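The values are calculated or read from the model by the stated rules, or taken from the named source; none is laboratory data. From a predicted model like this one, the values you see are computed outputs, not experimental measurements. A quick note on method: Cβ atoms are made from the backbone with ideal geometry, for glycine too, and the neighbour counts reach across all protein chains shown.
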Amino acid sequence: MKTLVKTFAAAALIAVSTFAMAAEGPGSKSAKANVNLSTADFALEHYVAVTTEGKSAGVEHIFAADFSQKVQASNAQTHSRSALIKSLKKQKGEKLNCAVSTDIIEESADYMVAKVTLKFENFTKTDLVTLVREGNNWKVSSSVNAYK
């Protein structure tokens, strides 16, 4: 009888641990938080991956709390941090069909301005990205987009 109770207890423990692991899933918070933002170059690389390759891991961590995005077009628009994060999460897995180039315009110990150019078939999008050091991590503090 004791053996039977031990067997059921072991089976229950295995079932509970299996369900707990399945609930975490592949997109768990630990995977999202594991993004290296220790240098401006890593942060810029991750920003480009998030915006052009549909990578959503760590998207909440890449943007500064006071982030804003300005879109220069016929009707200028401004987007908040939360609106952009929501939009980028919806684009998870979607890769843009464009050629990407990045140029560092200015760089210091705590500040970087980069020009990210996305060349599509019929137009070009230019994104001026400002990154700042916040503690030990780099974050995108602003983005200004223009289209040609």
SER108: more than 16 Å from GLU45 (Cα to Cα) and modelled with pLDDT under 90, yes or no?
no
Those residues that are in a helix (DSSP H, G or I), in contact (Cβ under 8 Å) with a residue 24 or more places away in the chain and surrounded by fewer than 16 Cβ atoms within 10 Å (Cβ to Cβ), I need them from segment 28-46; list them, please.
ALA31, LYS32, ALA33, PHE42
When you go through ALA114, ALA57 one by one, which is the residue that is touching an Asp or Glu at 6+ places or on another chain (Cβ under 9 Å) and surrounded by 15 or more Cβ atoms within 10 Å (Cβ to Cβ)?
ALA114
Check on LEU96, modelled with pLDDT under 90, assigned to a helix (DSSP H, G or I) and surrounded by 12 or more Cβ atoms within 10 Å (Cβ to Cβ):
no
Exclusive hit being more than 23 Å from VAL100 (Cβ to Cβ), among the small types (Gly, Ala, Ser) and either surrounded by 14 or more Cβ atoms within 10 Å (Cβ to Cβ) or in contact (Cβ under 8 Å) with a residue 12 or more places away in the chain (or both), set ALA65, ALA49, ALA73
ALA65
Does segment 109-121 include one or more residues that are closer than 18 Å to LYS148 by Cα and without any contact (Cβ under 8 Å) to a residue 12 or more places away in the chain?
no
Just the residues that are in contact with a strand residue (DSSP E or B) (Cβ under 8 Å, 6 or more places away or on another chain) and of a type in the set (D, E, K, R), please, taken from segment 114-148.
LYS115, LYS119, LYS125, ASP127, ARG133, GLU134, LYS139, LYS148
